[in-house]
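Here is the structure we will look at, set down as structure tokens.
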Amino acid sequence: MTKRFLQLSLILTGLIMLFPLQGMAETPFPTIHEPEGAGVKCVVEDEDVMRRNHMDYIQHQRDKTMREGIRAESDGSYSLSKCIDCHVEANDQGVVPTHNDKEHFCVACHEYAAVQIDCFQCHADRPQKFIKRAAKDMGGE
Amino acid sequence: MSDQINDSRRNFLSKAAVAGSITIAPGVFLHQTAQAKPDEQAVSNSTRWGMLIDTDKCAKGCTGCVDACNNEHALTGFDRPESDAQYIRKVSLVEKQTGHEISLPLMCQHCEKPPCVDVCPTGASMKREDGIVLVDKHICIGCRYCMMACPYKARSFVHEKIEDQTLSAPRGKGTVESCTMCTHRVDKDGIPACVEACTEDDHNAMTFGDLNDPDSAISQELKKHGGKQIRADLQLNTGVRYRGL
């Protein structure tokens, strides 16, 4: 009888201890950088559609470009560099965030959703105008 | 992969196409030579891009093409020439008996039957329909089989983390890369950066064009003077040809 009572009280204290954690576990929603002239519709799709499906759109376009050489820049084509060109801008301090910064347009959401982005291992994470490149001569012969 | 080219099937189909066209009307062929490709159209095998390099015009000590290539693709070195990425190399050949020296740029030869594509376990090493051999870095696992298979030592492996890539040349650690014949330019009716630089320097040692189009400058040159393949014995039918070897 005492053993049973001890078990029950242990379970109860465990349950009680769990409750306060619920409120604390929430992660704040990321602040997402809006492009110049906020409220402007994204050139490709609506915001909610892009948020849900951008990975599929970009992946589809990537194979077309890579393997079939289709580099259409007409409306309705998806392009990672187009996203970057509008959404990645200098912040108030004049610093352009890279994919190592949490305020980067892509990184902000991906951190929140805990989804790793591999794009920027190869692709430029900022518009080209922000990239200063030291022309280094590697030599030939 | 379903879009991979199967040679025997292709040969059969082209014979069948010839037979078909004969029954339609003798002497009339239902195929057209390549024109400027509309943006939304996939590349096709009616074009085969190639390059002709005249070693007599290639200036010794000049690295114009190499520099242009490095700039175009933002190839940065780490002062480790053994492992730094290189799409083009300048190679000097000296004939021992006469002392005659030849200088030439060597890059991916864009073979018709590329050994690098044969050995790739993931399908990342691939040949586009228009004959340009590429690495699809999205699915490259960095095994480097292609580097071993290539008889021209044309491919490099990216050993270091890369930042600040250009828009048209994404490149990153853990993948293999090589000359892309500047697909990003070619797809927009441009010419490769190396050819442009060589022409700008007034050396005119490099000609770029469509090998399938008998009227293109490169085809005309090849018809008149011929062009050698490096390691022709391997029967890879390279897209890059050399004169004066």
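Sort out which residues of the stretch B:45-87 are touching a Leu at 6+ places or on another chain (Cβ under 8 Å), closer than 19 Å to residue B:190 by Cβ and in a loop (DSSP other than H, G, I, E, B), and write them in order of number.
B:48, B:87
From A:91, A:100, grab the single residue that is surrounded by fewer than 16 Cβ atoms within 10 Å (Cβ to Cβ), outside any helix (DSSP H, G or I) and at pLDDT 90 or above. Break it down into steps so the answer makes sense when it comes.
Details: A:91 fails: at pLDDT 90 or above.
Sole residue among the options that is surrounded by fewer than 16 Cβ atoms within 10 Å (Cβ to Cβ), outside any helix (DSSP H, G or I) and at pLDDT 90 or above: A:100.
Do we have any residue at all in the stretch B:75-89 that's surrounded by fewer than 21 Cβ atoms within 10 Å (Cβ to Cβ), under 22 Å from residue B:206 (Cβ atoms) and either more than 11 Å from chain A (Cβ to nearest Cβ) or not small (Gly, Ala, Ser) (or both)?
Yes, the stretch B:75-89 has at least one match.
Which of the residues spanning the stretch B:120-155 are surrounded by 15 or more Cβ atoms within 10 Å (Cβ to Cβ), of a type in the set (A, V, I, L, M) and over 22 Å from residue A:120 (Cα atoms)?
Those that are surrounded by 15 or more Cβ atoms within 10 Å (Cβ to Cβ), of a type in the set (A, V, I, L, M) and over 22 Å from residue A:120 (Cα atoms): B:126, B:132, B:133, B:147, B:149, B:154.
Just one of A:109, A:86, A:119 is within 27 Å of residue B:87 (Cβ to Cβ) and modelled with pLDDT of 80 or more; which is it?
A:119
So which residues in the stretch A:49-69 are of a type in the set (Asp, Glu) and within 21 Å of residue A:110 (Cα to Cα), if there are any at all?
A:56, the sole residue that qualifies.
Can you tell me which residue among B:156, B:178 is over 21 Å from residue A:81 (Cα atoms), within 14 Å of chain A (Cβ to nearest Cβ) and among the small types (Gly, Ala, Ser)?
B:156
In the stretch B:136-161, what residues are over 19 Å from residue B:122 (Cα atoms), in contact (Cβ under 8 Å) with a residue 60 or more places away in the chain and over 15 Å from the mean Cα position of the chain (by Cα)?
B:159, B:160
Output yes when any residue across the stretch B:25-36 is among the polar types (S, T, N, Q), at pLDDT 65 or above and exposed (fewer than 14 other Cβ atoms within 10 Å of the Cβ), and no when none is. Write out each step before concluding.
From the stretch B:25-36, those among the polar types (S, T, N, Q) are B:32-33, B:35; that's our starting set.
Cutting the leftovers down to at pLDDT 65 or above gives us none.
No, the conditions are met nowhere in the stretch B:25-36.
In the stretch B:174-205, how many are among the hydroxyl-bearing types (Ser, Thr, Tyr) and closer than 18 Å to residue B:111 by Cβ?
Counting residues in the stretch B:174-205 that are among the hydroxyl-bearing types (Ser, Thr, Tyr) and closer than 18 Å to residue B:111 by Cβ gives 3.
Could you tell me whether any residue of the stretch B:47-63 is facing chain A (nearest Cβ under 8 Å), under 19 Å from the mean Cα position of the chain (by Cα) and among the hydrophobic types (A, V, I, L, M, F, W, C)?
Checking the stretch B:47-63: not a single residue is facing chain A (nearest Cβ under 8 Å), under 19 Å from the mean Cα position of the chain (by Cα) and among the hydrophobic types (A, V, I, L, M, F, W, C).
The values are calculated or read from the model by the stated rules, or taken from the named source; none is laboratory data. Owing to the predicted nature of the structure, the values given are computational and were not obtained by experimental measurement. Neighbour counts run over all protein chains shown; Cβ positions are idealised from the backbone, glycine included.
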